[in-house]
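Reviewing the structure listed below.
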Amino acid sequence: MTLRKTNNILTTTYKELSIQVSLSGLSFCILDTLHKTIENLAHKSFEQISSPEELIDQLDPFIQEHKLSETAYDKITLIHNNELSSFVPKDLFNENHLANYLKYNVKILATDFIAYDELKTASMVNVYVPFTNVNNFIFDSIGEFEFKHTASILVENLLHKAPKTLDSVMFVNVHNGHFEIVISKNSKLILYNRYTYQTKEDFIYYILFTAEQLQLNPAHFTLYLLGDIQKDSELFDITYKYIKYVEFGNSYIDYTINDSLAPIANHRHFILLNSF
């Protein structure tokens, strides 16, 4: 718990805020830590956005609409959802060589600020480029915060919370226009990757291609779906057509959801709900 000093009095609000930003949408979640309840949660998808600079034009009214800057929080977490990241084994990690871990995998500029997250439950470090303009905007509009990358939260929580199995399992976390694949075996990370898609054929192609590269038989391994996907969707139908064992995953949280919120399926908002 973080204590804030106001008028020389130590106070706490028992509220934590997480905000997730990407080029495909925005979302936030407020946790009441005293009652272990998700107090509020909202998401907005973009039809089209082309650059991090345009994010502020969407983020400012989003914050104003939900009055996020009008409440004090014990902790604020900003989650950067982009493709500019790479995992590095902790034994090989050197803080002085951050750009070297990214330059062969993603396009970076000499002026880019590079950050990293250390995964607590795995011997890995996630090196990434955050949306610096968003960091500055959140600091000015809401206050002090910490920031993380989506891949850090996704991988760490799946390895720690998902049921342990000696067989390889695949998790597919779906967003608007992109998705992440995490493959684990006995709580060890085998693969993490991120793909963009426009059609259901793109979606299943990358899943089957990944399985083929790791010699996983679609008739044998289990695929768990997370995120923005429904059972009556084209994405689910085509996945079930080619993968024998398809199930919806779980957020694995021990919070309750406020009754005033619309029902939230257990597999939705995995990253946001596990960011606290």
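Descriptive notes on the structure:
- Proximal aspartates and glutamates relative to K103, as straight alpha-carbon distance under 14 Å, when same-chain residues fewer than 8 apart are discounted: E83, D112
- Rounded if a/c under 1.5, otherwise prolate or oblate - segment 122-162, Cα gyration tensor axes: prolate
- Cα gyration tensor shape for segment 141-276, rounded if a/c is under 1.5, else prolate or oblate: prolate
- Cα-centred dipole magnitude for the chain, charges only on beta-carbon of K, R (+1) and D, E (-1), debye, nearest 20: 800 debye
- Taking Cα centre as origin and charging only the Cβ of basic (Lys, Arg, +1) and acidic (Asp, Glu, -1) residues, the dipole magnitude of segment 32-189 rounds to 840 debye.
- Angle in degrees between helix 132-141 and the longest Cα principal axis of the chain, rounded to the nearest 10: 30 degrees
- Among N217, L31, L41 - extreme Cα towards positive end, dipole of the chain, charges at beta-carbon: N217
- With Cα atoms defining each centre, segment 52-122 and segment 192-208 are spaced 23 Å apart in the structure.
- Global form of segment 1-131, assessed from the alpha-carbon gyration tensor, a/c cut-off 1.5: oblate
- The relative contact order of the chain comes to 17 percent, based on Cα pairs under 8 Å that sit 6 or more residues apart.
- Relative contact order of segment 47-175, pairs being alpha-carbon contacts under 8 Å that are 6 or more residues apart, as %: 30 percent
- Taking the longest Cα principal axis of the chain as reference, the axis of helix 52-65 is set at about 60 degrees.
- Of K188/K244; K15/K107; K36/K188; K44/K75; K75/K161; K67/K188, pairs whose Cα-Cα distance is over 31 Å: K15/K107; K67/K188
- For the chain, a Gaussian network of Cα nodes joined below 10 Å ranks N136, N96, N176 by mean-square fluctuation, and the top entry is N96.
- Tilt relative to the chain, helix 200-213 - C-alpha long axis, 0 to 90 degrees, to 10: 70 degrees
- Percent carbon-and-sulfur accessible area, segment 149-276, ignoring ligands, DNA and RNA, probe 1.4 Å: 47 percent
- Carbon + sulfur, % of accessible area of segment 13-58 - ligands and nucleic acids excluded, 1.4 Å: 46 percent
- 1.4 Å probe accessible area per residue over the chain, in Å²: 53 Å²
The values are calculated or read from the model by the stated rules, or taken from the named source; none is laboratory data. Predicted model only: the values in this text are computed from it and were never measured. All Cβ positions, even for glycine, are placed from backbone atoms using ideal geometry, and neighbour counts span all protein chains on display. In case anyone asks, the SASA skips ligands and DNA or RNA and just uses the protein heavy atoms, side chains included. Shrake-Rupley method; radii C 1.70, N 1.55, O 1.52, S 1.80 Å.
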